[in-house]
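Q: Let me give you the structure first, and then I'll get to my questions.
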Amino acid sequence: MSYKFDFAFLADRWPDFVAGAWLTVQLTVASIALGFVVGTVCALARVYGGPVLRRLVGIYVETIRNTPLLIQIFLVYFGLSSLGLKLSAEVSAIVALTVNMGAYTTEIMRAGIQSIQRTQLEAADCLGLTKMQTILHVVLLPAMERVYPALSSQFVLLMLASSITSQISAEELTATANLVQSDTYRSFEVYMIVAVVYLALSALYRFALWAIGLVLFERRRRLGTPL
Amino acid sequence: MPVEGDTVIRIKDVVKEFGPLRVLDGVGFDVARGQTVAIVGRSGSGKSTLLRCIAGLETIQGGTIEVCGHAVGRPGSEARAQLRRDVGMVFQSYNLFPHLTVERNITLALTLVKKQPKEEARKVAAEVLGLVGLTDKRLSYPEQLSGGQQQRVAIARSLALKPQVMLFDEVTSALDPELTAEVLAVMEDLARRGMTMITVTHEMGFARRVADLVVFMYHGKVWEIGPTAELFADPKTAEFRQFVGSEL
Amino acid sequence: MIQLSANHILYLVEAARWTVLLSLIAFAGGALVGLPLALMRVARSRLLRGLAGIYIQIIQGTPLLIVLFLSYFGLGIVGFKLDPLVAAGLSLTIYAAAFLAEIWRGCIEAVPKTQWEASDCLGLNPFQQYAYVILPQAVRIATPPTVGFMVQIVKNTSLASVIGFVELARAGQIVNNSTFEPFAIFAIVGAIYFAICYPLSLASRHLERKVHAGRG
């Protein structure tokens with residue numbers, strides 16, 4: 001093999017990688033947060049809602065989980081714009097990732113919510129808590145604690161999947177890599193670097209999620225036992 | 001002796017059905033303020049269902065239940081929120097919130113429902129924890145407590161809301177005998193302080209010692225009812241005689 | 001502009017055969033590499049466990065798209081120019097192996113410890129313990145999540161479109177380039193993916209219930 005590795009391009013191009021990684025973080029943090037809200041609301045609807053609502057949420061979840069993210073992104077970016085709703089690549093990316101995240105969160109949170117026993121709701125009712133207060137204080141936090149590992153994994157998977165938004169030229173990390181390699185013809189080096197950056201981001205996200213878990217679940221922090 | 005004053009609970013001709021099954025079939029009696037009532041009977045006699053109806057956890061198909069002036073058991077009862085303030089309920093399975101400390105279990109409803117400031121709610125928590133003898137467990141989590149202690153916290157949690165009536169649904173059934181005693185002692189203390197209480201129980205000794213009124217239920221009906229001493233001294237029906245005999 | 005016609009749809013359905021083929025290659029390759037990895041993960045040797053663990057951590061922390069770019073553009077420039085089908089098959093194999101290994105490790109560990117002890121007491125050697133006692137039970141537990149993961153594989157084959165391999169997603173883009181009806185076309189493409197994936201999802205759930213019932 002006569003190929004010589006050459007990372008010299010990094011000297012001028014590193015700010016591009018930083019900017020790309022930063023956009024990846026922004027896109028994915030926004031989509032994770034929004035998708036979590038969408039998914040939690042849908043999960044509540046799936047467990048406590050009427051038959052029509054439950055069915056609608058079921059259709060949403062199955063549709064998203066059984067089609068590729070790439071196609072979902074194309075539908076939002078190219079599809080919606082052809083129908084007259086023109087969104088920027090970044091906004092399209094956030095919309096598509098949120099819708100995707102929401103479907104997976106729904107399934108995960110549903111399992112958590114279903115693990116909360118009815119008697120807990122009765123106790124809250126007898127104490128005079130409203131339905132909303134019961135959901136917020138008695139249902140959601142313990143439900144989330146039970147499924148937090150699955151939820152965290154899904155969040156990291158979404159961050160990695162966000163690389164697909166490069167295909168609608170959202171200028172995130174992968175798109176940056178594509179750009180740099182087409183300028184430098186150093187595709188092997190470029191993609192190796194980007195792979196390492198993604199690995200670092202994965203580790204960072206895992207750490208951040210672990211820290212958030214510590215803050216959120218006080219009982220677990222103090223006792224260290226699963227709920 | 002409790003003052004035989006105003007009637008706090010009026011139960012009249014209550015019918016409760018689960019599908020084709022009639023669990024309560026024309027149940028009725030009154031409870032005066034300060035009275036302690038023990039509802040006894042075999043499992044399946046409808047006694048727990050009756051208590052859940054009084055607590056407003058079930059809708060009834062016939063009759064009326066009035067607790068502290070609030071109509072209970074019909075869907076869309078306006079007075080539901082007020083009822084919650086006046087009636088406390090303690091469950092067989094404690095139903096403490098596992099993710100909250102003992103103190104927060106107690107202050108949750110105080111801050112959310114009664115809108116008390118945190119400091120004031122903490123004072124109330126300390127006060128009711130003192131009543132059940134668990135002051136030192138303020139910052140523990142439910143899983144760190146024994147069943148008996150958890151049940152005492154559950155009682156304290158209800159008491160914190162200063163209810164006029166307390167309902168106890170087989171609160172010692174899940175406990176070992178040695179833990180049962182500490183919970184019953186708390187309840188006996190409450191009765192002595194003049195709390196109006198209805199308790200569904202298997203503890204005949206407790207019923208005899210503490211209750212003013214005993215209601216014996218059989219097949220969804222009030223089969224026998226009367227002042228405790230009289231009823232146990234002279235059972236009128238064969239069913240109650242047999243029940244008392246088997247429980248002793 | 002060309003009208004979207006039945007011929008276009010036929011073209012998409014035919015392209016879906018490549019999606020299926022690529023999925024099968026990825027699954028076969030992923031299983032072939034993933035099983036040894038899973039066994040390494042539960043091996044006594046710390047070295048084997050560590051090596052498999054590192055591989056899984058790296059692949060599960062890197063986007064599949066980057067793996068794909070590395071094996072197509074990267075290897076191409078280094079001097080190993082791969083055909084798009086080969087590059088896609090290789091990347092999906094690398095990806096699927098990591099995830100299948102993790103799934104299967106969990107299933108092997110889910111077989112009660114007492115089964116190892118019992119077969120050990122009967123004098124079976126480690127290979128016999130695996131072949132006759134542990135793996136047959138692990139397979140039962142592993143079937144539902146494995147079928148479920150096949151859905152992920154099918155969906156991820158869509159990324160092969162990015163390096164120009166004409167499967168379903170790429171075919172959708174090609175049709176769109178001549179008809180400019182992205183909403184309708186990608187909806188149809190999505191529906192075809194759904195038609196492949198949904199039965200797998202249902203099967204996974206059905207099997208899951210069966211395994212659960214059998215244990216209860």
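Q: What is the Rg over Rh value, at two decimals, for the stretch C:63-202, using alpha-carbon atoms and the Kirkwood definition of Rh? Don't jump to the answer; show the numbers that get you there.
A: Numbers: Rg = 20.7 Å, Rh = 17.9 Å.
Radius of gyration relative to Kirkwood radius: 1.15.
Q: Taking springs between alpha-carbon atoms closer than 10 angstrom, which of C:ALA88, C:ALA187, C:ALA142 fluctuates most in the Gaussian network model of chain C?
A: In this elastic network of chain C, the residue with the biggest mean-square fluctuation among C:ALA88, C:ALA187, C:ALA142 is C:ALA187.
Q: Given a Förster radius of 41 Å and the C-beta distance between A:LEU10 and A:LEU87 as r, what FRET efficiency does 1/(1 + (r/R0)^6) yield to the nearest 0.05?
A: E(calc), rounded to 0.05, equals 0.80.
Q: Between C:LEU32 and B:ASP6, what is the label-to-label distance in nm when each label sits 7 Å out along the Cα-to-Cβ direction?
A: Each label point is offset 7 Å from its Cα along the Cβ direction, giving 8.5 nm.
Q: Give the peptides A:11-22, C:53-64 in descending order of average Cβ contacts within 10 Å, highest first. Mind dumping the intermediate values first?
A: Values: A:11-22: 14.3, C:53-64: 18.9.
Going by the mean number of other Cβ atoms within 10 Å, highest first, we get C:53-64, A:11-22.
Q: Less than 14 Å Cβ to Cβ from C:PHE99, Lys/Arg counted +1 and Asp/Glu -1: what total charge do the surrounding residues give?
A: So the surrounding residues net to +2.
Q: For the stretch B:7-247, what's the relative contact order in percent, using C-alpha pairs closer than 8 Å and at least 6 residues apart? Write down the numbers at each step before the final one.
A: Details: 455 pairs, mean separation 64.1, N = 241.
It rounds to 27 percent for the stretch B:7-247.
Q: Specify the angular offset, from 0 to 90 degrees and rounded to the nearest 10, of the alpha carbon long axis of helix B:102-112 from the longest principal axis of the alpha carbons in chain B.
A: The angle comes out near 80 degrees.
Q: Given R₀ = 45 Å, FRET efficiency for B:PHE29-C:LYS210 by Cβ-Cβ distance, to 0.05?
A: In this case the efficiency is close to 0.30.
Q: What is the local net charge at A:THR106, summed over the other residues whose Cβ is closer than 12 Å to its Cβ (Lys, Arg +1; Asp, Glu -1)?
A: That works out to +2.
Q: Could you identify which residue out of C:ARG44, C:ARG170, C:ARG105 has the top mean-square fluctuation in a GNM of chain C using Cα springs shorter than 10 Å?
A: Residue with maximal mean-square fluctuation among C:ARG44, C:ARG170, C:ARG105: C:ARG44.
Q: Once whole DSSP H runs in chain A are found, which of them have Cα atoms spread over 27 Å or more along the helix axis and a mean Kyte-Doolittle score of at least 1.6?
A: Helices meeting the span and hydropathy rule in chain A are A:187-216.
Q: For a test of the definition: using alpha carbon positions, the gyration tensor, and the 1.5 limit on a/c, classify the stretch A:10-223 as rounded, prolate or oblate.
A: Oblate is the answer for the stretch A:10-223, as a/c is 1.5 or above yet b/c matches or exceeds a/b.
Q: Once both labels are modelled 7 Å past Cα along the beta-carbon direction, what's the C:ARG17-A:GLN114 spacing in nm?
A: Result for the modelled spin labels: 4.0 nm.
Q: In the neighborhood of C:GLU167, defined by Cβ-to-Cβ distances under 13 Å, what is the net charge if each Lys or Arg adds +1 and each Asp or Glu adds -1?
A: For residues surrounding C:GLU167, the net value is +2.
Q: From zero up to wherever the largest Cα-Cα distance of the protein assembly as shown sits, split into 10 Å bins and tell me the percent of pairs in each.
A: Using 10 Å bins, I get a P(r) of 3, 12, 19, 18, 15, 13, 11, 6, 3, 1, 0 for the protein assembly as shown.
Q: Something else about it: Identify, among B:ALA126, A:PHE5, C:ALA184, the residue whose Cα sits farthest towards the positive end of the charge dipole of the protein assembly as shown, taking +1 on the Cβ of Lys and Arg and -1 on the Cβ of Asp and Glu, with the dipole about the Cα centre.
A: The Cα lying farthest towards the positive end belongs to A:PHE5.
Q: Hull surface divided by four, with the convex hull built on the Cα atoms of the stretch B:10-69: how many nm²?
A: The number I arrive at for the stretch B:10-69 is 4.2 nm².
Q: I would also like to ask the following. Please determine, in degrees from 0 to 90 and to the nearest 10, the orientation of helix B:118-131 with respect to the longest principal axis defined by the Cα atoms of chain B, where the helix direction is its Cα long axis.
A: Helix B:118-131 sits at roughly 50 degrees to that axis.
Q: How tilted is helix B:177-192 with respect to the longest principal axis of chain B? Cα atoms for both, answer in degrees (0 to 90, nearest 10).
A: Rounded to the nearest ten degrees, it is 90.
Q: Can you work out the FRET efficiency for the pair B:THR135 and C:ARG49, with r the C-beta to C-beta distance and R0 = 51 Å, to the nearest 0.05?
A: 0.50
Q: Can I ask one more? Mind telling me which of A:ARG146, A:ARG206, A:ARG55 comes out most flexible in a GNM of chain A, alpha-carbon contacts under 10 Å?
A: Comparing A:ARG146, A:ARG206, A:ARG55 in a Gaussian network model of chain A, the most mobile one is A:ARG55.
Q: Run the simple label-point estimate for A:VAL41 and C:ASP83 please: 7 Å along Cα→C-beta, distance reported in nm.
A: About 5.0 nm, to one decimal.
FYI, it's all coordinate maths here, none of it is from the lab. Because the structure is a prediction, the values reported are computed rather than measured. A quick note on method: Cβ atoms are made from the backbone with ideal geometry, for glycine too, and the neighbour counts reach across all protein chains shown.
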